[in-house]
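One structure below.
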């Protein structure tokens, strides 16, 4: 588990009262519900928007308030637009306003609120202004096609399916890209144009054919589903904190889009299908290859002046520079070689006839393959001579873009043919799909047509944020009997370390109890340990395999990376995650003990961790607390991949209590890790001293019902939840959440003894 920084606080100062009042006056909105949240919304807007963006934000909210649709659209816009602007940029506001105006002029003004309420969730799934504009276009086309009029009557009726489409678009975009969403919407508009009820069911994802079409359109690996993994890869392996953006591959018929990066971030396709060829590369691995290549460019490439270079010369320089970057990437991470070789085409040397076609692309693709693959097998003397010179340049360092450009220009001059100008171009096996479009390589003294092909300007990038981005989870809305999508932001971090000696002292204090537990453990401990070899992740080095891999590597062959081994025990397959409520109430003192509830909990958890470590079960510990839905802190204390030892003891010793208890979100995040464990039984133990609550929730039942829904979700995932409550009044609510799966510890001082025994009873 890597060190994870906690999320930063809002990077701005609150507005002064005079400025706030000026903004209130400019908004001129008298809705009480709007006035209640206006200050918080303006503070968030000040953190996310430029001064011009704030002006546009207030003007748009004022216009929404005068549309006659009540407070709901104004509230939705004020609360959601700053989050949208962070992801897709402020410039998109004009497109949103245009769609709202079209809805207002049509009978579809009721759909304005669903559009604004779901906009932030949609933006987080699309990750770029281009796909977001495509989404707004799809919504507009659906509105136009499903808004109906009666023949013979001068009456037009609102679209039955548009509000449902807008409300459920985030769910659809969990599995589709924008192009797939467009085809799914087209099917519903065509088949149910004259069936209002069935149209509503279709776009609400309630009908069987809606789900069937959704499944049919689903393909490949969506960027939104792996964005977090890729972001961690970029940060962890390359120390690069550039934001990841997406672009749609389904709406550009004129060219095949390619990945690119610029000052605004790294842009990747919204979906990658598996690469069908040697190796059958998955969509995720295609993303990894593209990301590694662009990260290499960002680290080692420098822009060159392009004004005096011909297109042929620039193509040659790009080919050599791409090969240099691949070489340096593989030097740092040699395990990527099979992946890059699988994705790089292998042109047949004699495939292109220069007498009938331009072979420029074929010639450069062969050269690129030769520079990447020492076993290329090409016999062309010039190609081999330049390959040798290329490797000589990189033998003792990184070389440079300028030095490689000189080599490329000599190659272009030596290999140029008259037929390179032919309109008939040979394209077979010439596209290297994981490479970007190299716009970053060129700078122009004089502006020209070259920039026209580049992506439209984006909003300025946000300041770099250290640590992991938040993970968003839904929350159950009992009144609506549905989820609020992406409602809660969970920030995870590796807990800071403290004095591990404190935990050793607590274990020594309970030595008598430990000896009693040890006798019980002997009865539970499996007798037969089975060694599992050939693992890429494991607890021990497999010396035989490691030596064999070392010999292969020194002999120039591809070594087997599976050099580790792990152990499992026959008859016991259990994974456990202990989730600690670290809310402020744990600071209360336990009567008659002189200890806080937190100290007693530390003592109990230390004994439990010691016991489970003796058993050998996969085990993790995490703590959580919350400060509104915008900030749920999830702290890793012990990970599944590490053993109970000094590091984890130090984290447990350093835990502190504070804030509130948004339990449902923490349980959903815990299930993300527990669900990945390969065990027959997965147990989530929740240690808490009170009912779920948070400062932004006025209804005391709301988070209780959400946590109950989270328990149901975990059960469906095969995860068993059990609550250990330190609240003597827990019977009033804990059964509603966990059913019969709970234990109330009336005397908190007995927790160190009862917690390990309870675990043994649950896992026997």
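Coordinate-derived values only; no laboratory data. No experiment lies behind these values; they were computed from the predicted model shown. When we count neighbours, we look across all protein chains shown, and the Cβ atoms used for this are built from the backbone with ideal geometry, even at glycine.
Brief remarks follow.
- Alpha-carbon Debye profile of the stretch 51-163, log10 I(q)/I(0) at 0.18, 0.20 Å⁻¹: -0.89, -1.07
- Using the alpha-carbon positions of the stretch 140-226, Rg (one decimal) and Dmax (whole number) come out as 13.7, 52 Å.
- Stretchable slack from residue 551 to residue 204, in nm (0.36 nm times residue separation minus alpha-carbon distance): 119.0 nm
- Fewest-first ordering of 158, 403 by other beta carbons within 10 Å of each residue's beta carbon gives 403, 158.
- The stretch between residue 757 and residue 416, if pulled fully straight at 0.36 nm per residue, gains 114.8 nm over its current Cα-Cα span.
- Using the Stokes-Einstein relation with a Kirkwood hydrodynamic radius computed over Cα pairs, the translational diffusion coefficient of the stretch 659-720 at 4 °C and a viscosity of 1.567 mPa s comes to 105 µm²/s.
- Prolate/oblate/rounded label for the stretch 680-764 (Cα gyration tensor, a/c 1.5): oblate
- The Cα-based radius of gyration of the stretch 379-428, divided by its Kirkwood radius, gives an Rg/Rh of 1.07.
- Beyond 33 Å, the tail of the calculated P(r) for the chain holds 62 percent of the Cα pairs.
- Among 281-294, 689-702, 748-761, sorting by the average number of other beta carbon atoms lying within 10 angstrom of each residue, highest first, gives 281-294, 748-761, 689-702.
- Relative contact order (percent, whole number), the stretch 74-229, Cα cutoff 8 Å, 6+ residue spacing: 22
- Within the chain, percent of DSSP bridges classed antiparallel, to nearest 5: 45
- Overall Cα dimensions of the stretch 587-673 - principal axes, largest extent first, Å: 39, 37, 18
- Computed [θ] at 222 nm, helices only, for the chain once each DSSP H run of length n ≥ 4 contributes -39500 (n - 2.57): -15000 deg cm²/dmol
- Packing, as the average of other Cβ atoms within 10 Å across residues, places the peptides 579-590, 28-39 in the order 579-590, 28-39, highest first.
- Considering only the stretch 223-453, percent of DSSP beta bridges that pair antiparallel, nearest 5: 35
- Tensor-based shape of the stretch 236-353 (alpha-carbon gyration tensor, a/c under 1.5 rounded, otherwise prolate or oblate): rounded
- Extents of the stretch 153-289, taken as max minus min of Cα coordinates on every principal axis and listed largest first, are 63, 35, 30 Å.
- Length released on extending from residue 101 to residue 558, taking residue separation times 0.36 nm less the Cα-Cα span: 158.4 nm
- Mean sequence separation of contacting Cα pairs (under 8 Å, at least six apart), scaled by the length of the chain, corresponds to a relative contact order of 10 percent.
- Legend: P(r) of the stretch 223-453 from all alpha carbon pair distances, 10 Å bins from 0, whole percents, reading 7, 31, 39, 21, 2.
- For the listed peptides 116-122, 336-342, 724-730, a ranking on the average number of other beta carbons within 10 Å per residue, highest first, reads 116-122, 724-730, 336-342.
- Based on Cα contacts under 8 Å between residues 6+ apart, the stretch 223-453 shows a relative contact order of 27 percent.
- Radius of gyration and maximum dimension Dmax of the stretch 17-218, Cα, Å: 17.7, 58
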